[in-house]
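Worksheet: the structure to be examined is printed underneath.
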Amino acid sequence: MSNLDYVTTELANNVLTLTLNKPEQRNALSEGMLGQLCEALLSAIDDLNVRVIVIAANGSVFSAGHHLKELNSHRDDSDDGREYFKKIMFMCSNLMQAIINHPKPVIAKVQGMATAAGCQLVASCDLAIASENSKFCTPGVNIGLFCSTPMVALSRNMSRKQAMKMLLLGDVIDAVTAQQYGLINQAVSLEELDEAVAQYCERLIAKSAVTLRFGKGAFYQQLQMPLSQAYEFTSEVMVDNMLHNEAIEGFDAFIAKRDPKWQHR
């Protein structure tokens, strides 16, 4: 395990766990937290030992969102904080896109409250498993700052009506409701959280890393396309995938009724 101050990293059994490590700041997405989390994700892109990434957190709060005191301290800047605010929003947007664009599956392991940009972080991950005591909200509207950037992730993962309900009212929802809304995949007891995430990781590691890379990339790209373009694009992806040696091995193994031997490259 290495400690990056804001984020600890641990690689075991092809799973890289990035743990938000500022519980005394409610794991706020400060400038330091955003920078180190994004750096750790980018460093894992070409690491062949990393097959799955888990984003977890220390303490009772997963993430309280942006570090409001840090942001507020720049209101005395000559431009009232505009350039610093733009910098932080840019860093946060880059982080969320680094997750979406990452070639490897990213799982949010949520053990507590995820608020505003913290909720955005959960929604941006490919999969999310949360303890039943976890809670979620986008309460910016209550302090005069609408959660506009979290809206991007929420609106792409939940029904519009439920996303708007969270954004307009700022109410807290529990993990069971979050699962019903489509924000998370599964709600389990806190005692079962480690095992539940481990099972997801195990199943993902058993797949071909190349195939997952083909599929994850295509999934997010086709979402932005009109229907006919999406089919044209994904057809090309499937052809490229089918010609890859991993698909050749998968076909041969299926026909021969044996387990495939993935090369992951």
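Looking at Ala153, is it touching a residue at least 40 places away in the same chain (Cβ under 8 Å), of a type in the set (Gly, Ala, Ser), touching a strand residue (DSSP E or B) at 6+ places or on another chain (Cβ under 7 Å) and outside any loop (DSSP other than H, G, I, E, B)?
Details: touching a residue at least 40 places away in the same chain (Cβ under 8 Å): yes; of a type in the set (Gly, Ala, Ser): yes; touching a strand residue (DSSP E or B) at 6+ places or on another chain (Cβ under 7 Å): no; outside any loop (DSSP other than H, G, I, E, B): yes.
Here the answer is no, as Ala153 does not meet what is asked.
Could you please find all residues in the stretch 71-109 being among the charged types (D, E, K, R) and more than 19 Å from Cys119 (Cα to Cα)? Steps first, answer last, please.
Here is the first cut: in the stretch 71-109, the ones among the charged types (D, E, K, R) are 75-77, 79-80, 82-83, 86-87, 104, 109.
Correct list: Arg75, Asp76, Asp77, Asp79, Asp80, Arg82, Glu83, Lys86, Lys87, Lys104.
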Single unsatisfied condition, Ser131 versus (1) buried (at least 22 other Cβ atoms within 10 Å of the Cβ); (2) touching a strand residue (DSSP E or B) at 6+ places or on another chain (Cβ under 7 Å) = (1)
Take the residues of the stretch 125-150 that are of a type outside the set (A, V, I, L, M, F, W, C), assigned to a helix (DSSP H, G or I) and in contact with a Cys (Cβ under 9 Å, 6 or more places away or on another chain): which is nearest to Met113 (Cα to Cα)?
-> Pro139
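How many residues does the stretch 41-50 contain that are part of a loop (DSSP other than H, G, I, E, B), under 15 Å from the mean Cα position of the chain (by Cα) and either outside the structural domain of Ser30 (by TED's automatic domain parsing) or loosely packed, with under 15 Cβ neighbours inside 10 Å (or both)? Write out each step before concluding.
Within the stretch 41-50, the subset part of a loop (DSSP other than H, G, I, E, B) is 44-50.
With the extra rule that they be under 15 Å from the mean Cα position of the chain (by Cα), the set shrinks to 44-45.
The next check asks that each one be either outside the structural domain of Ser30 (by TED's automatic domain parsing) or loosely packed, with under 15 Cβ neighbours inside 10 Å (or both); those that pass are 45.
Within the stretch 41-50, residues that are part of a loop (DSSP other than H, G, I, E, B), under 15 Å from the mean Cα position of the chain (by Cα) and either outside the structural domain of Ser30 (by TED's automatic domain parsing) or loosely packed, with under 15 Cβ neighbours inside 10 Å (or both) number 1.
Could you tell me whether any residue of the stretch 242-264 is more than 19 Å from the chain's Cα centre (by Cα) and touching a residue at least 60 places away in the same chain (Cβ under 8 Å)?
Of all residues in the stretch 242-264, those more than 19 Å from the chain's Cα centre (by Cα) come to 242-264.
Then drop every residue that is not touching a residue at least 60 places away in the same chain (Cβ under 8 Å), which leaves 264.
Scanning the stretch 242-264 turns up at least one residue that is more than 19 Å from the chain's Cα centre (by Cα) and touching a residue at least 60 places away in the same chain (Cβ under 8 Å).
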Residues of the stretch 166-217 being farther than 30 Å from Ser235 by Cα, of a type in the set (A, V, I, L, M) and either at pLDDT below 95 or surrounded by fewer than 16 Cβ atoms within 10 Å (Cβ to Cβ) (or both), in sequence order, are Leu168, Leu169, Val172, Val176, Leu190, Ala198
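Rundown of residues vs (1) within 24 Å of Tyr181 (Cα to Cα); (2) among the aromatic types (Phe, Trp, Tyr); (3) touching a strand residue (DSSP E or B) at 6+ places or on another chain (Cβ under 8 Å); (4) in the same structural domain as Phe146 (by TED's automatic domain parsing), yes/no style:
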{"site": "Asp80", "(1), (2), (3), (4)": "no, no, no, yes"}
{"site": "Ile88", "(1), (2), (3), (4)": "no, no, yes, yes"}
{"site": "His102", "(1), (2), (3), (4)": "no, no, yes, yes"}
{"site": "Ala108", "(1), (2), (3), (4)": "yes, no, yes, yes"}
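For the stretch 74-91, name all the residues that are of a type outside the set (D, E, K, R) and at pLDDT 95 or above. Don't jump to the end; show me each part of the working.
Taking the stretch 74-91 as the starting set, the residues that turn out to be of a type outside the set (D, E, K, R) are 74, 78, 81, 84-85, 88-91.
Hits for the stretch 74-91 are His74, Ser78, Tyr84, Phe85, Ile88, Met89, Phe90, Met91.
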What number of residues within the stretch 60-105 are among the β-branched types (Val, Ile, Thr) and either within 26 Å of Asp47 (Cα to Cα) or part of a loop (DSSP other than H, G, I, E, B) (or both)?
-> 2
Ala117 versus (1) within 18 Å of the chain's Cα centre (by Cα); (2) surrounded by fewer than 24 Cβ atoms within 10 Å (Cβ to Cβ); (3) not acidic (Asp, Glu): which is the lone unmet condition?
-> (2)
State which residue pairs qualify: first residue farther than 11 Å from Ala114 by Cα and in the same structural domain as Thr19 (by TED's automatic domain parsing) and inside the stretch 51-63, second residue polar (S, T, N, Q) and in a strand (DSSP E or B) in any location, beta carbons under 7 Å apart, and separation of 6 or more residues or different chains.
-> Val54/Thr17; Ala56/Thr17; Ala56/Thr19; Asn58/Thr19
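The values are calculated or read from the model by the stated rules, or taken from the named source; none is laboratory data. None of the values given here were measured: they were computed from a predicted structure. Cβ coordinates were reconstructed from backbone atoms using ideal geometry, including for glycine residues, and neighbour counts include every protein chain displayed.
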